[in-house]
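Below is one structure, written out as structure tokens; comments come after it.
Laboratory data are not the source of any read-out in this text; all were calculated from the coordinates shown. Here the structure is a predicted model, which is why all the values come from computation and not from measurement. Because the Cβ atoms are built from the backbone with ideal geometry, glycine has one as well, and the counts that use them run over all protein chains shown.
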Amino acid sequence: MIKFGTDGWRAHIADEFTFKNVEILAQAIADFLNSKNRKKSRSRILIGYDTRFLSDEFASSAARVLCANNIKTYLTKKPTPTQVISFSVVKMHLDAGIIITASHNPPQFNGMKFRTYFGGSADEVTTKQIEAKLYKSKVKSISLESARKKKLLNYVDNLDDKYITFLNKYVNIKKIKNSNLKILIDPMFGAGIGYLYNILKGGKIKLGTTRSFPNPSFEGVNPEPIEKNLLSSMKIVKKEKFDLCIATDGDADRVGIIDEKGNYVTTQQLFMLLLVHMVKDKLMRGDLARTVSATNILDRIARKFDLEVHETPVGFKYIVSLIRSRDILIGGEESGGYGFKNYIPERDGILAGLLLLEMMVDRREKISKILSSIEKEYGRSRYLRKDVHFPAHLKGKFLSKIKKNPPSKLTGEKIKKIQTLDGIHFILEDDSWLLLRFSGTEPVLRIYAETNSLSKTKKLMKAGLRLAFA
């Protein structure tokens, strides 16, 4: 069944993610766009893709359907990060964008992300409208050659130029390039290959790369820049004495960081670093938007600088809605996706990595020292997340059981508050917290825990596992 999750539709390649189903969804998108643009002669859309197995062919398949429905289609010539597609949709004044990607999911998955005219994830109203058009029309398709002859299809290979020009205005890249930093870049075999390297090369900065060529299998490691998937890069950082490693996920909209000691900087700590850099170093102001799974230390930082905080369910589409309606300085989620003021409402792992480098250059300090000073002032974040397989058909029964009979204590600490904005969120008396929620893209239960010490977090995580499988 084709259904949009937290960000697009994803499924197993050759099982549900097939050329036939890609064409069916493309037809629904075509019907949606044409119904919205009845007064216009023709809708216009941009299609990009990542480095996964057959992503370029799936993109071409979608293009054939869209062109057959009289939609002017622009198709990239190479794997392209999601945010570059989103940015280009806005710059080219298009109606929408499609990216063939399963983002950070395992290699056996692929998917389709849909981007609206403003360069952000579609909201639930829009995705439901597209879903309502599934299977309603016969799928139309024409050859790419015919589409080109009819001037319905254009191949594009210069999308990077305006995007990189924007980055140079947003971040002091010249200053970074002239630093003496030694940086390791790890695109994890994904669509981010070449981007950070080409942006930063040519100055005093020393650059190294790893996993910087396309590999649809990702060498058996999910292209999600979390600690367990960055072990090889952590070893390189230690051995070759890099000052930082910036890793991006399969479609480069998320980021992972390794400090100069070879230690993984958690996504919660990174969110804290980016917020402090924006308000203290760049002197920018606005509201903070964070998902329910993000660290509550962000709220303490926000209070210090008199920033309003907005909490949302997990899923960047909720952050997108706030960015469009409020003056959001930074919005993000614990998965390593962050959006920024004066930009499109989209996650950007490349921009986030550059901002962190800018912070290091501005402060002339290593990232571990900067983080230590922030945690000394606002509190320590020791955070863990565990994903466990959980049959989808048992989801309702599980949630109902816990909601009816919730615990009063966890690890000996009283529960101060239970929130159900997204999953079940236990907030303890000492501000530690445990969150149990189901993935929107996989049959997985995610268990999140945060305290001020790693040993306490491990105990809280064990308590979460007992709750899940009691």
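The table below lists the values:
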{"quantity": "Once the Cα gyration tensor of region 21-101 is diagonalised, semi-axes √(5λ) in Å", "calculated": "20, 15, 9"}
{"quantity": "Pairs beyond 22 Å (Cα-Cα), from 416/456; 3/78; 201/280", "calculated": "3/78; 201/280"}
{"quantity": "Computed over region 413-457, Kirkwood Rh from alpha-carbon pairs, angstrom", "calculated": "11.2 Å"}
{"quantity": "Given 13 as the ceiling on other Cβ atoms within 10 Å, longest exposed-site-free region of the chain for chymotrypsin sites (Phe, Trp or Tyr not before Pro) in DSSP loops", "calculated": "136-468"}
{"quantity": "Cut-off 15 Å (backbone N to label point 7 Å along Cα→Cβ of residue 427), residues of region 293-324", "calculated": "293-303, 309-313"}
{"quantity": "On Cα atoms only, tilt of 19-36 relative to the major axis of the chain in degrees", "calculated": "80 degrees"}
{"quantity": "Dipole moment magnitude, nearest 20 debye, the chain about Cα centre, only Lys, Arg, Asp, Glu C-beta charged", "calculated": "380 debye"}
{"quantity": "Principal axes of region 342-397: Cα extent on each, largest first, Å", "calculated": "52, 32, 17"}
{"quantity": "Electrostatic dipole magnitude of region 90-171 [Cβ: Lys, Arg +1; Asp, Glu -1; Cα centre; debye, to 20]", "calculated": "440 debye"}
{"quantity": "Hz values of 3J(HN,Hα) by residue in region 120-129 - Karplus curve (6.51, -1.76, 1.60), Gly and Pro given as x", "calculated": "x, 4, 6, 7, 5, 4, 5, 5, 5, 5"}
{"quantity": "Nearest 10 degrees, 0 to 90: helix 367-378 Cα axis against the chain principal axis", "calculated": "60 degrees"}
{"quantity": "DSSP bridge orientation in the chain - percent antiparallel, rounded to nearest 5", "calculated": "60 percent"}
{"quantity": "Dipole magnitude (debye, nearest 20) for region 9-158, charges at Cβ of Lys, Arg, Asp, Glu", "calculated": "840 debye"}
{"quantity": "Low-density loop positions, trypsin sites (Lys or Arg not before Pro), region 326-410 - DSSP coil, at most 10 other Cβ in 10 Å", "calculated": "364"}
{"quantity": "In degrees, nearest ten, helix 160-170 long axis to first principal axis of the chain (Cα)", "calculated": "30 degrees"}
{"quantity": "Given charges at Cβ of Lys, Arg, Asp, Glu: the chain dipole, positive-most of 349, 130, 384", "calculated": "130"}
{"quantity": "At 0.890 mPa s and 25 °C, Stokes D of region 9-158 from Kirkwood alpha-carbon radius, µm² per second", "calculated": "163 µm²/s"}
{"quantity": "Pairwise centroid distance, computed over Cα atoms, of region 336-404 with region 211-271, Å", "calculated": "14 Å"}
{"quantity": "Scattering curve values for region 382-468, log₁₀ I(q)/I(0), Debye with Cα scatterers, q = 0.12, 0.15, 0.18 Å⁻¹", "calculated": "-0.32, -0.50, -0.73"}
{"quantity": "Of 282/409; 169/228; 128/417; 182/228; 20/162; 182/304, pairs whose Cα-Cα distance is over 30 Å", "calculated": "282/409; 169/228; 128/417; 20/162; 182/304"}
{"quantity": "Per-q log10 I(q)/I(0), the chain, q = 0.13 Å⁻¹ (Debye; single scatterer per alpha-carbon; no solvent)", "calculated": "-1.23"}
